[in-house]
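One structure below.
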Amino acid sequence: MTSTALGGESGTPGAPATPGTARDQARRSRWSWRLVLLVAVMVVLATAVLRVVTGESDTASSGALAAALGLAVPIGLAGLGGLWSERAGVVNIGLEGMMILGTWGAAFFALHWGPWAGLLGGILLGAVGGALHALATVTFGVDHVVSGVAINLIGMGGAKYLAARTFTGTEGGGASQSPPLPSLPTLSLPGASAGLGSIESRQWFGVSDLAGILAGLLTNLSVLTVLAVGLFAASWWVLWRTTFGLRLRSCGEAPAAAETLGVNVYLHKWIAVLISGGLAGLGGAYLSLVADNIFRDGQTGGRGYIGLAAMIFGNWRPGSLAGGSLLFGYFDAIQLRGNAIHALLLLAGVVLIGYAGWRLWRRRGVVGALAVLALGVGCVVVHLASDSVPGQLTSLAPYVATLLVLALASQSLRMPAADGKIYRKGEGH
């Protein structure tokens, strides 16, 4: 079967590839890059204005951005795993459990054979969770959500059992944690730390803010962070630029039609869910080997679920998923900086008020727009009426931000048409 049998490599299964669709795709690609550039400029200007108005420089400092990037990587890898699975039509609620298995696998392998083996161990244990999920959902037709919840429970219980069996009695280890683990190497852009740090310290409007952002994103990067960026690019290319990717996505859009065209739907779903588990396990390996340099019981902290939210926010696309992961990672990092949260209340209020005004002007969802307007006004009032945010509330920042972003973006989202639907072989005949 050729790629044109499923619509070439332009995207929609069953639609013939034409020069017009290729031109439309190129045009959308140009607009996507323009939009990314526009958003980047707006972020730099917003942080610069916020720094001047509030006097708080930590909202976009190199330290805050470095912490945000580090916290975004496991979220992004879990979300990327969910994207692979759901693009093939399998809902993967079990990302959290697969991440948990990955944390133990990375710790065990790294302790015995070094940090690079630890990466493989995290991927392997995550893929084991993916295999269980694929066996239940693809082969036996179990409800996807039920299977995912079971995988989460198996992951939590299995990791506790394995940790107690393997780390108890080791030096520095115990039933709920491993001994300290060997570290992966870090990378920095030559000259970036000193040069960008000097510019950041001068507090030039816009320029210093941009330097702080770049310094946080380009210095002291773990090799796993660089690998994660490469995996996002590779996933986009495989899923949207290859015949294999087109066939896999057809399984998530119209599996019956794909089967009539000769696609082995079961095989593609299995591959997607195994990759999904491996990526989630790699996210768990990041937590063990990079973020903490130790395995601890409960160290995922719900990041598998936040990765699932980032995938939905990103509309099941790798680029938008990466942006969502950075956003959620930023809010996770900023919770440790109470003054920065207080300053961000003002920015959040202005953004929400502007968004509500646009919705009201377009007369789209008036009731929802009024609710957003009230929330925005509330953020501004709280900022003006207080000097800081209580520590008990700052810890809620990443979760509140997740709910808020998903609520605002929900009307423009489109999941794969057959996502979560149980498919049995032969339905296409």
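What do you reckon, is Ser176 under 30 Å from Leu125 (Cβ atoms), in contact with an Asp or Glu (Cβ under 8 Å, 6 or more places away or on another chain) and either loosely packed, with under 15 Cβ neighbours inside 10 Å or of a type outside the set (Asp, Glu) (or both)? So Ser176 fits the description; yes.
Residues in region 383-403 that are within 25 Å of Gly324 (Cβ to Cβ) and not aromatic (Phe, Trp, Tyr): His383, Val389, Leu393, Thr394, Ser395, Leu396, Ala397, Pro398, Val400, Ala401, Thr402, Leu403. Put simply, of Val49, Val91, Val145, Val149 the only residue that is surrounded by fewer than 22 Cβ atoms within 10 Å (Cβ to Cβ) and at pLDDT below 95 is Val49.
I want to confirm something. Restricting to region 362-373 and keeping residues that are part of a helix (DSSP H, G or I) and within 29 Å of the chain's Cα centre (by Cα), which single residue is farthest from Glu56 (Cα to Cα)?
Within region 362-373, the match that is farthest from Glu56 (Cα to Cα) is Gly368.
The values are calculated or read from the model by the stated rules, or taken from the named source; none is laboratory data. A quick note: this is a predicted structure, and the numbers were derived from the prediction, not measured. Methodologically, a virtual Cβ is constructed for each residue, glycine included, from the backbone with ideal geometry; neighbour enumeration extends over all protein chains shown.
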